[in-house]
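> Questions regarding the structure given below will be posed in turn.
The values are calculated or read from the model by the stated rules, or taken from the named source; none is laboratory data. None of the values given here were measured: they were computed from a predicted structure. Counting neighbours? That spans all protein chains shown, and the Cβs are built from the backbone with ideal geometry, glycine included. Only protein heavy atoms, including side chains, enter the accessible area calculation; ligands, DNA and RNA are left aside. Shrake-Rupley method; radii C 1.70, N 1.55, O 1.52, S 1.80 Å.
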Amino acid sequence: RLLKLNKLAYNSLILASKDEVSFNIIRRAKSILLPRGDAFKAWKDLSAKYEPDDGATLVELKNEFANKKLTSVTTSPDEWITELDGIHAKLEKLDAKMTDLDFLLHILSNLPEAYETTVEISLKNFKKNTLTLEELKQDLMSKFRCINKDNSSEDTALAAKEGG
């Protein structure tokens, strides 16, 4: 049964490879027990290539997180927070701990000015220790929809005017 599962996992990795480098890393992942392909070894080798765990990677990820800002009101805050969370997960994998407080503060302090009222309300809840990430996401998405509803109606009006 384990041999079948390994074969399935190994073949899935082969099919998922998008470039020659990845393909060759997987293709070369063989062991004495699994001469036709070792999925676990392939995964470890891919991780070593694409997610190194050295000091330079840690510095790069910390800088990427620190500089990640939501700069446009047309970009979904949910997508931006998901990107931040992905970087956060990579940092945790490198044993760089970040508190929920730090994560929430980063979000609140890196939003466009259009979110100012939402930030003010969230900071009040933050001070009371009642703010959660899910709540903040919901509040930001509500504001995002309001902002973009207004923007889309202006764009439509301008387009109608230009069309004559």
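> Taking θ as phi - 60°, what are the ³J(HN,Hα) couplings along segment 110-115 by the Karplus curve (6.51, -1.76, 1.60), each to the nearest whole Hz, with x for Gly and Pro?
These are the phi-based 3J(HN,Hα) values: 10, 10, x, 4, 4, 8 Hz.
> Among LEU34, THR82, THR71, which residue has its Cα furthest toward the positive end of the charge dipole of the chain, with +1 on Lys/Arg Cβ and -1 on Asp/Glu Cβ?
LEU34
> Ordering TYR10, TYR50 by how much accessible area each has at a 1.4 Å probe, largest first, what is the list?
Listed by decreasing accessible area, they come as TYR50, TYR10.
> In nm, what is the difference between 0.36 nm times the number of residues separating LYS30 and PHE126 and their Cα-Cα distance?
Stretched fully, the LYS30-PHE126 segment lengthens by 29.4 nm.
> Suppose every Lys and Arg Cβ carries +1 and every Asp and Glu Cβ carries -1, with no other charges. What dipole size does segment 60-143 come out with about its Cα centre, to the nearest 20 debye?
Charge dipole, segment 60-143, about its Cα centre: 200 debye, nearest 20.
> Considering only protein heavy atoms and a probe of 1.4 Å, how much of the accessible area of segment 1-67 is carbon and sulfur, as a whole percent?
The computed percentage sits at 60.
> Given contacts defined as C-alpha pairs under 8 Å and at least six residues apart, what's the relative contact order of segment 1-74, whole-number percent?
Dividing the mean separation by the residue count of segment 1-74 yields 23 percent.
> With a 10 Å cut-off between alpha carbons and a GNM built on the chain, which of LYS137, LYS62, LYS127 moves the most?
Ranking LYS137, LYS62, LYS127 by mean-square fluctuation puts LYS127 first.
> Tell me the accessible surface of SER142 in square angstrom (1.4 angstrom probe, heavy atoms of protein chains only), to the nearest ten.
50
> Nearest 20 debye, what's the magnitude of the dipole of segment 39-102 about its Cα centre given +1 on Lys and Arg Cβ and -1 on Asp and Glu Cβ?
180
> Can you give me the relative contact order of the chain as a percent, contacts being Cα pairs under 8 Å and 6 or more apart?
Contact order relative to length: 17 percent.
> Heads up, I need the accessible area for HIS88: 1.4 angstrom probe, whole protein in place, Å², nearest 10.
Solvent-accessible area, nearest 10 Å²: 20 Å².
> Just how much of PHE126 is accessible, in Å², when a 1.4 Å probe is used and the result is rounded to the nearest 10?
For PHE126, solvent-accessible area is about 40 Å².
> Give me, ordered by chain and number, the residues 5 or more places off LEU34 or on other chains with an amide H under 5 Å from its own placed amide H.
Correct list: empty.
> Treating only the Cβ of Lys, Arg, Asp and Glu as charged (+1, +1, -1, -1), what charge dipole size does the chain show about its Cα centre? Round to the nearest 20 debye.
Dipole of the chain, to the nearest 20 debye: 1140 debye.
> Can I ask one more? I'd like to check one number: the per residue accessible area of the chain, probe 1.4 Å, reported in Å² as a whole number.
Per-residue value: 70 Å².
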